[in-house]
Amino acid sequence: MERLCFLFGHKMLVHFVTDEPNKIPAIRAMLEPQHAVESHLLGATDGQALSNGVLVVDADLRKAVPVEQVKVVLRDPHCVSEKLFVVQDHLRDMIAQAFALGATAVVARPSDIVSNRARIEVAQKAMKADFASAPPEITKSAASFSSLFSAMGRGKGITISDAENATLEVINGIKLNGLSAWLDDVRRYHEGTFQHCLLVTGVAVAFALNIKFPDAEVKRLGLAATLHDVGKARIPLSILDKPGRLDQTEQEIMNRHPIIGYELLKPIPEISPEILDGVRHHHEYLDGSGYPDGLTAPEISDLVRLLTISDIFAALIEWRPYRPSMSRQDAYKILCDMDGKLERPLVKAFRSVALRG
């Protein structure tokens, strides 16, 4: 196939695009003279057309400026045959952003382009199946979540429209294909914090639709779900991505995320008290055993009660490094066993969402 001959033929043309000039000599030393390398520094490539070949992007996609500059480079979708992005394996937000920008594959390091060629060809096909072929609602909402978490993690402000856009993509996906398809797609294409946020928002939206909430209330609950874990953007990655259960000290740090999220969002003028309430109190229980404020039933709003059920259910059915995902039937049984902590009529109303969705 023509598009693969540039990558696996005798010599390929590599357009190396980066935001750091000091990376250019290393890529030339690695690939030349076996392959031809044309380097492009982001911010200096405006109007510079790229001819046929392979595009390799090595830039910090957690930052808004490089992302916008990469979009300029990629404005002609037919200019190159392959678009490979260099992203370390553990940076899931950058992987999501790479595929949202049009990556055909992601590699962990530039040397992977020419080493283990058979593996790269298989990886390209697998990653295209796992990410690039994801439904557009999944891709767009994941990119929105990536931007939100990236901005919060870097201390940058966000607008409510950023979160609303992510929420609307989830609502569209649920309305179009139903909850079951949404859950399957999210668990197939994403993991970790992004998977959880996408799952919770999908479950909450489906819950609201099932109990016939008006559109404005569906959006409100969906927005609270979208933002509920934004405080995790400030939790150390060593804790957030730990491949095992947290110890007591780590759990105490993790349990600060509702307050962190609340404090991050509170200065935004357009945010409503109901959304802030959901962000701060989605781990509260009716019997007062939750955190961070130990609220009891009279103090817990309806939105929080709905969000808490959605959050717990999503956490149970998602895959964790230290345990497999739970079936929807078993997850719902656990909700039923939490009588006194969750509102029984709402759990009963959630049954059709949990089991049939």
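Take K212 and tell me if it is touching a residue at least 24 places away in the same chain (Cβ under 8 Å) and more than 15 Å from S144 (Cα to Cα).
no
Out of (1) over 23 Å from L148 (Cβ atoms); (2) of a type outside the set (A, V, I, L, M, F, W, C); (3) surrounded by 14 or more Cβ atoms within 10 Å (Cβ to Cβ), the odd one out for S327 is which?
Condition (3) is where S327 drops out.
Can you pull out the residues in the range 242-271 that are among the β-branched types (V, I, T) and either open to solvent by 60 Å² or more (accessible area, probe 1.4 Å) or farther than 19 Å from H228 by Cβ (or both)?
T249, I259, listed by residue number.
In this structure, is L316 under 24 Å from E217 (Cβ atoms), assigned to a helix (DSSP H, G or I) and under 27 Å from the mean Cα position of the chain (by Cα)?
No, not satisfied.
Checking the conditions here, which among E20, E82 is at pLDDT below 85 and among the acidic types (D, E)?
Sole residue among the options that is at pLDDT below 85 and among the acidic types (D, E): E82.
Determine which single condition V230 fails, assuming it passes every other condition in (1) open to solvent by 40 Å² or more (accessible area, probe 1.4 Å); (2) under 27 Å from G173 (Cα atoms).
So the condition that V230 fails would be (1).
How many residues does the range 268-303 contain that are under 24 Å from L240 (Cβ atoms) and in contact (Cβ under 8 Å) with a residue 60 or more places away in the chain?
Qualifying residue count for the region: 2.
Would a scan of the range 299-312 turn up a residue that is more than 23 Å from the chain's Cα centre (by Cα), over 22 Å from Q195 (Cα atoms) and assigned to a loop (DSSP other than H, G, I, E, B)?
Yes; the residues of the range 299-312 include at least one that is more than 23 Å from the chain's Cα centre (by Cα), over 22 Å from Q195 (Cα atoms) and assigned to a loop (DSSP other than H, G, I, E, B).
The values are calculated or read from the model by the stated rules, or taken from the named source; none is laboratory data. This is a predicted model, so every value here is computed, not measured. All Cβ positions, even for glycine, are placed from backbone atoms using ideal geometry, and neighbour counts span all protein chains on display. To get the accessible areas, we keep the full protein, side chains included, count just its heavy atoms, and leave off ligands, DNA and RNA. Shrake-Rupley method; radii C 1.70, N 1.55, O 1.52, S 1.80 Å.
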